[in-house]
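Just so you know, all these numbers are worked out from the coordinates, no wet-lab data involved. Predicted model, so just to flag it, every value in this text is computed and none were measured. Backbone-built Cβ (ideal geometry, glycine too); neighbour counts: all protein chains shown.
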């Protein structure tokens, strides 16, 4: 009984978790926006320390296991769901890209094949894995309990926070696309808890977006300097 009481006392309260979640996923992005656009700090100079902070928070949590995260397999059901949804939504993305601006359709592989190939490799390895650790892994491990089993509310909240972080790109297209992607990725990870599965799905959509000419919406207004 004493051990149970001690464990209960050491668990963070719902209020503390809510404040943490707001600080990390709402206040911090506003700070990043200010650093990039007002202080002139390069975007990567903001994102790299932020990612390391997320890793540190997870590493210091004794209830979290990196080994379990990386060794959880992708199930056949998950792969089938990813493939089926991508076949449908991927076709929509291609059509939208052509409709928005036919002159830029597949512009990156046509005119900058070297950059395109680099993005196809580096985006999944660096950007996708970092985003999923920050927005799905930590969120699910630490803040999912705030929603008391209401998975739909948790998914929508996560997607909204994910889209909010993309305001830094100063494009409504980016925010809308990020919200839609956030719904898909949050559902996938919260349902299967497979890190590699959600990374695969995120990489498929991201690489397709950069390939068909929509990647420009994820670069607008951002001084990578």
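Brief remarks on what is shown
- Extension reserve of the residue 53-residue 170 stretch, reckoned as 0.36 nm per residue once the Cα distance is removed: 39.7 nm
- Each of residue 147 and residue 106 was given a label point 7 Å from its Cα along the Cα-to-Cβ line. The distance between the two points is 3.8 nm.
- Quotient of C-alpha Rg and 2.2 N^0.38 Å, computed over the stretch 114-191: 1.18
- The chain - mean residue ellipticity at 222 nm from DSSP helices (-39,500 (n - 2.57) per run, n ≥ 4, rounded to 500): -21000 deg cm²/dmol
- Treating each Cα of the stretch 1-151 as one equal point scatterer and applying the Debye formula with no solvent, the log10 of I(q)/I(0) at q = 0.10, 0.19, 0.21 Å⁻¹ comes out as -0.58, -1.37, -1.38.
- Selected from 15, 214, 44 as most flexible by GNM, with the chain as the system and alpha-carbon contacts under 10 Å: 15
- With Cα atoms, 0 to 90° folded angle of helix 43-60 axis to the chain main axis: 30
- Among 179, 162, sorting on how many other beta-carbon atoms sit within 10 Å of each Cβ, with the fewest leading, yields 179, 162.
- The fewest-to-most ranking of 107, 61 by surrounding Cβ atoms within 10 Å reads 61, 107.
- Helix axis angle, 113-122 relative to the chain longest principal axis, alpha carbon, degrees: 10
- Gained length - residue 121 relative to residue 39, 0.36 nm times residue gap less alpha-carbon distance: 26.4 nm
- Least to most buried among 202, 166 (fewest other Cβ within 10 Å first): 166, 202
- Long-range tail of P(r) for the stretch 143-182 (Cα pairs > 17 Å, %): 33
- Nearest 10 degrees, 0 to 90: helix 76-100 Cα axis against the chain principal axis: 40
- The reciprocal of the average 1/r between distinct C-alpha atoms defines the Kirkwood hydrodynamic radius, which for the stretch 98-140 equals 12.2 Å.
- Rule-of-thumb Rg ratio for the stretch 10-56 [Cα; 2.2 N^0.38 Å; N residues]: 1.36
- Taking all Cα pairs closer than 8 Å and separated by 6 or more residues, the relative contact order of the chain comes to 31 percent.
- As a rough guide to protection, the peptides 98-104, 153-159 ranked by mean Cβ packing within 10 Å, highest first, stand as 153-159, 98-104.
- Rg over Rh, two decimals, the stretch 162-225 (C-alpha only, Kirkwood Rh): 1.01
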